[in-house]
Amino acid sequence: MSDSKLPQALIKYLRIPDDRDAKDRVESLRQEALGLIRPIVWYRDISPEKFHTLFSPWSRESESITSLLRGAERIRLLAASLGSALENESRVRQARGNVFEGYILDRMGSYLVEREMRRLDRRTSGQARSRDQICGRRFSPGYGDFPLDAQIVFLRILSPVIPELRISCGLVLYPEKTVTALKPAYPASRRGTG
Amino acid sequence: MHHLIFPINALPSIQLVDSDFLDIHFSPERKAEAAFRYYSEIDADVMFYFSDVVIQAEAMGAGISYSRHRMPRVASPASKIEVPRPHRCPRMQANANALRRMERDFPQAHRAALVYGPFTVAGQIAGEQRLLRMLSEAPREAEALLEKCSRLAARYRDYLLNNGADLFWISDPLAGLLPPEQYMPWAGDPVRELFAPSPRTPRILHVCGDTSHILPGMLATGADGISFDNCMELLLQEEQIPETVSLIGNLDPVLVQTQPQEEVRKHTADLAQLMGPLRHFCLSTGCALPPDTPVESVAAFVDSGKEALDHLEPWTEDMLEVCRTVHMGRGNQAKTRIRSALERGADPLSLLIGGLSRAIRKASGRYESKLCYLPELLLIVEAFYDGFSCLEHRLRERPFRGTVVLGTVRGDIHEIGKNLVRVFLETSGYRVVDLGADVHPETFRQACEEHNPDLVGLSGFTSHSRQAMQETIQAIRHGKAGDRIAVMVGGAAVNPSRAGELGCDGYARDAVEAVRVANALNP
């Protein structure tokens, strides 16, 4: 097996040692991971008012969100999930003592779910441009002063789309390899105003 | 030099003669008698006379403060710098006298000519801060001073080697303060010049503190052995030391000074098993043993070290190969070598400590020094487990450091970090009771009562976990053995300051550090 199949970005992300055997094992794990994931991506555009209705009180109390949404016409809610099979397999490997494989599968999951989210982000940002809008940065619950409690709202919205989605009492979504975000769209006239 | 065992200096010898610190410095008879009595009890391969660091500075004119109750100190820089003949200096004469008697009484052992490095002596004469400033502000003045210090050091070297010494030891404690680019011109070159005329005499260099930044320069002095301070992780230095140069070190002198003999034996055996597979390793202390170190503890250090190294001797090649293959992440190769060694009668415990665990400790050190990343470390851990599967059923005893109850706190399902902590604790000799993730405080308390652990490890990733950690710590503290059990925390939910606020006993940034913290909390 040639290590050239492994994307350089993945090698860098996983910090794989420069060793042929290690790279071969990671490539094999990558193939396994790709077979285990069931990617689901989802997005919805809502008005700022609707956003605040859904995410209140956390959205109104968050300075990060207030600043990000200033001047926004629409708010895009985004989600990507890989399902639970990959992370379950990662746990099984770890429990068996295959710590390298368990760790790599877990990191691979993080890499792949982020890749799905970025693809979705790019696609929807392209659509916004065609509507003469520009997009702000992607922002997720748990960052800045926007608390993880907002995941409760995402859970409610996403439950019909991702039936196995659950939330822990620590407000962590399960499957773990699930990413949620919001992204403001501003009128194109805002461009250049900083 | 191969597998020699010795403590540095002979300061505890003062306890064996009716003498105080003043007497022993000025009475050649008492100093020689102290060495005789000391080495009659301590079976060291390299012997020293009772020596103090100010002897050359004093001879060159520095003012010295003496006391009957402590070692002498430099009290004032030299006003006029002299380069005397050592045979005219009474205290140097006393050392030569001790060497002559050691040569007569212990002809089988090496007898060290202990000389202090010119840079260190220059610092004592001029004042350390002033010397360091002089290097940039008045380099010619510094050079002139160093030249005089080197001249006396050379004379003293010849005097000692002509009076019974057969090993040349330079201690240069101040040199560790120099940055790499300044080490060679100001400290390394003078040492190299002192070593050069005695190529047939073993030449050893000791610099106190962390010397990793100047190690290439220390090797360039031509030393036949490098003695490391106890703050250094020898496993991280071994690849830089060629097999022709002895790697010497480095049991903590304070441990020998303060701990019961059983502890001294245990730590000595650990160090011997860890480094003993290297044929060019010499077991020593990381610096001079303090004068009040119990002589029985010094004997325990030397005797247990000899026993441990003798025990390893037939299997050193196997241990090194097991370590090498595990370190490369080649579990199958490690298994093959272990099976072959066991068939030839190798001791399973030695293969575990000197082979498998050695690889883990080496890799952990590399990881902590940012020389490798987690995936490489985990490959090594997997190879460890592969090798361990061949040994497990043959081990009558396993190194057992204690029991740890471990879990991710309530409301948090993140397990990767916690699982790695479990693996690293297990490979370091701990029994781990893993409660899993999202663990209720009451479950932790019950586990503590059931398993009576030495430590509890709490992992948490989210900010909500901090509250759960607090509740868990309270639950443990209110349990039956709550006051006795140490609690450590880790994970993205906490940092050292948050950990302090939670009232726990330790914080670990990652799995490798968790082992270090656990060892510190459970000595």
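The values are calculated or read from the model by the stated rules, or taken from the named source; none is laboratory data. Note that the coordinates shown come from a computational prediction; the quantities given were computed from them, not determined experimentally. Note: ideal-geometry Cβ built from the backbone for every residue, glycine included; neighbour counts use all protein chains shown. Remember, those area values only see protein heavy atoms, side chains included, never the ligands or the DNA or RNA. Shrake-Rupley method; radii C 1.70, N 1.55, O 1.52, S 1.80 Å.
On the stretch given as region B:412-441, residues that are in contact with a helix residue (DSSP H, G or I) (Cβ under 6 Å, 6 or more places away or on another chain), without any contact (Cβ under 8 Å) to a residue 40 or more places away in the chain and part of a helix (DSSP H, G or I) total 3. When region A:95-127 is filtered for residues that are at the interface with chain B (Cβ under 10 Å from one of its Cβ atoms), among the hydrophobic types (A, V, I, L, M, F, W, C) and either more than 26 Å from B:LEU420 (Cβ to Cβ) or open to solvent by 40 Å² or more (accessible area, probe 1.4 Å) (or both), only A:ALA95 remains.
With respect to the conditions (1) crowded, with 22+ Cβ neighbours inside 10 Å; (2) more than 19 Å from the chain's Cα centre (by Cα), A:SER189 lacks only one, and its number is (1). When residues in region A:137-156 are screened for being touching a residue at least 24 places away in the same chain (Cβ under 8 Å) and in a helix (DSSP H, G or I), 6 of them pass.
When you scan region A:48-55, do you find a residue that is assigned to a loop (DSSP other than H, G, I, E, B), in contact with a Lys or Arg (Cβ under 7 Å, 6 or more places away or on another chain) and open to solvent by less than 60 Å² (accessible area, probe 1.4 Å), even just one? Spell out how you get there, then give the answer.
Of all residues in region A:48-55, those assigned to a loop (DSSP other than H, G, I, E, B) come to none.
Checking region A:48-55: not a single residue is assigned to a loop (DSSP other than H, G, I, E, B), in contact with a Lys or Arg (Cβ under 7 Å, 6 or more places away or on another chain) and open to solvent by less than 60 Å² (accessible area, probe 1.4 Å).
The residues in region A:147-194 that are within 14 Å of chain B (Cβ to nearest Cβ) and in contact with an Asp or Glu (Cβ under 9 Å, 6 or more places away or on another chain) can be counted, and the count is 10. In summary, B:HIS393 fulfils each of the numbered conditions (1) more than 18 Å from A:GLY97 (Cα to Cα); (2) more than 14 Å from chain A (Cβ to nearest Cβ); (3) without any contact (Cβ under 8 Å) to a residue 12 or more places away in the chain with the single exception of condition (1).
For every residue, the table says whether it meets (1) out of contact with any Asp or Glu (no Cβ under 9 Å at 6 or more places or on another chain); (2) modelled with pLDDT under 90; (3) within 14 Å of another protein chain (Cβ to nearest Cβ).
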position	(1), (2), (3)
A:LYS5	no, yes, no
A:ALA9	yes, yes, no
A:ARG20	no, yes, yes
A:GLN31	yes, no, no
A:LEU34	yes, no, no
A:PRO39	no, no, no
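If only residues of region B:341-359 that are closer than 24 Å to B:ASP270 by Cα and open to solvent by 10 Å² or more (accessible area, probe 1.4 Å) are counted, the one that is nearest to the other protein chains (Cβ to nearest Cβ) is B:SER357.
Could you pull out every one of the strands (runs of 3 or more DSSP E) wholly within region B:14-120 that has 2 or more residues that are open to solvent by 50 Å² or more (accessible area, probe 1.4 Å)? Give the steps one after another, and end with the answer.
Values: elements: B:63-65, B:73-76, B:110-116.
Answer list for region B:14-120: B:73-76.
Out of B:GLU449, B:GLU415, I need the residue that is more than 29 Å from the chain's Cα centre (by Cα), among the acidic types (Asp, Glu) and at the interface with chain A (Cβ under 9 Å from one of its Cβ atoms). Which one? Steps first, answer last, please.
Values: B:GLU449 fails: at the interface with chain A (Cβ under 9 Å from one of its Cβ atoms).
Testing whether each residue is more than 29 Å from the chain's Cα centre (by Cα), among the acidic types (Asp, Glu) and at the interface with chain A (Cβ under 9 Å from one of its Cβ atoms) leaves just B:GLU415.
Which fully enclosed helices (runs of 4 or more DSSP H) of region B:152-269 have 1 or more residues being open to solvent by 10 Å² or more (accessible area, probe 1.4 Å) and farther than 30 Å from B:ARG358 by Cβ? Before the answer, list the steps.
Numbers: elements: B:180-183, B:189-195, B:215-220, B:234-237, B:253-258.
Filter on region B:152-269 gives B:180-183, B:189-195.
Close contacts from region A:157-183, counting a first residue that is farther than 25 Å from A:ARG137 by Cα and among the hydrophobic types (A, V, I, L, M, F, W, C) and a second that is assigned to a loop (DSSP other than H, G, I, E, B) and open to solvent by less than 20 Å² (accessible area, probe 1.4 Å), with Cβ to Cβ under 6 Å and a gap of 6+ residues or different chains, come to A:CYS169/B:GLY411. Among the residues of region B:453-468, is there at least one that is in contact (Cβ under 8 Å) with a residue 24 or more places away in the chain, touching a Ser or Thr at 6+ places or on another chain (Cβ under 6 Å), open to solvent by less than 10 Å² (accessible area, probe 1.4 Å) and outside any strand (DSSP E or B)? Checking region B:453-468: at least one residue is in contact (Cβ under 8 Å) with a residue 24 or more places away in the chain, touching a Ser or Thr at 6+ places or on another chain (Cβ under 6 Å), open to solvent by less than 10 Å² (accessible area, probe 1.4 Å) and outside any strand (DSSP E or B).
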